[in-house]
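Structure, as structure tokens:
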Amino acid sequence: MSLLERLFGRPKVMIEALGPSHAGKVAMLHATSFSHGWDQPEVARMLADPSILSDGVFSGTSRLPAGFVMSRLAADEAEILTICIDPDQRGRGLGHLLLERHLANLVRRSVATLFLEVEDSNAPALALYRAFGFNKVGERPGYYPKPDGSRALALILRRDLG
Ligand SMILES: CC(C)(COP(=O)(O)OP(=O)(O)OC[C@H]1O[C@@H](n2cnc3c(N)ncnc32)[C@H](O)[C@@H]1OP(=O)(O)O)[C@@H](O)C(=O)NCCC(=O)NCCS
């Protein structure tokens, strides 16, 4: 914590870039949200990869992120690889704030077009993306394997930035 934060208190919610030191918590957050886990070494590699922009949301005095978002950049396009918030802290606007700041960071990195894939039944994620003006540009039938053996439809969404 900086001297200013010690004197005046830490802001309630902060968005900060993530690095390899956050790999343990990021892998844990990912595992709580998705059945196909990312192991910690893989996450550490992603957090160190200069072509991946990773932002975390920090709530209260915790030094560990309550959620994160990662996008892979290629020329002037990017793809959101994942976004997730700790299940105990969902529905409080953290995802909205995190995505808002992440989009601004992508604009600073000269990204003009952003894509992502989302399961068509993922209501919270769809609500979040719609709030930011993402539009459906395609579908991948049978893309996501489900625990019951069936496969779910993925929607491809796009948002122009800048
Ligand atoms: C999607 C996710 C990141 C949203 O994070 P969050 O912090 O709960 O979201 P917020 O509280 O900022 O709410 C964002 C929007 O979603 C809406 N929303 C949140 N939870 C919702 C729910 N259960 N059902 C419907 N809409 C919901 C909010 O109303 C809000 O809309 P607004 O921006 O127009 O006000 C979070 O639910 C999550 O981590 N899900 C599991 C991982 C996941 O599925 N990621 C997406 C992969 S593509």
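No value in this document is a laboratory result; all are computed from the given coordinates. Bear in mind that the values here come from a model prediction, so they are computed numbers and not experimental data. Positions of Cβ are backbone-derived with ideal geometry, glycine not excepted, and every protein chain shown enters the neighbour counts.
Results for (1) surrounded by 15 or more Cβ atoms within 10 Å (Cβ to Cβ); (2) touching a Gly at 6+ places or on another chain (Cβ under 7 Å), shown as yes or no for each residue.
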site	(1), (2)
61	no, no
68	yes, yes
81	yes, no
90	yes, no
95	yes, yes
108	no, no
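The lone criterion from (1) without any contact (Cβ under 8 Å) to a residue 40 or more places away in the chain; (2) within 8 Å of the ligand (Cβ to nearest atom); (3) in contact with a helix residue (DSSP H, G or I) (Cβ under 7 Å, 6 or more places away or on another chain) left unmet by residue 83 is number (1). Yes or no: segment 85-98 includes at least one residue that is assigned to a strand (DSSP E or B) and not polar (S, T, N, Q). Yes: segment 85-98 contains one or more residues that are assigned to a strand (DSSP E or B) and not polar (S, T, N, Q). One residue alone among 69, 57 is closer than 16 Å to residue 111 by Cα, within 12 Å of the chain's Cα centre (by Cα) and not polar (S, T, N, Q), and that residue is 69. The single residue among 161, 126, 153 that is under 17 Å from residue 84 (Cα atoms) and in contact with a strand residue (DSSP E or B) (Cβ under 8 Å, 6 or more places away or on another chain) turns out to be 126. Taking the criterion of being surrounded by 20 or more Cβ atoms within 10 Å (Cβ to Cβ) and under 18 Å from residue 27 (Cα atoms), the residues of segment 70-79 that qualify are 70, 71.
Answer yes or no: is there a residue in segment 117-131 that is part of a strand (DSSP E or B) and either surrounded by fewer than 15 Cβ atoms within 10 Å (Cβ to Cβ) or more than 15 Å from the ligand (Cβ to nearest atom) (or both). Among the residues of segment 117-131, not one is part of a strand (DSSP E or B) and either surrounded by fewer than 15 Cβ atoms within 10 Å (Cβ to Cβ) or more than 15 Å from the ligand (Cβ to nearest atom) (or both), which makes the answer no.
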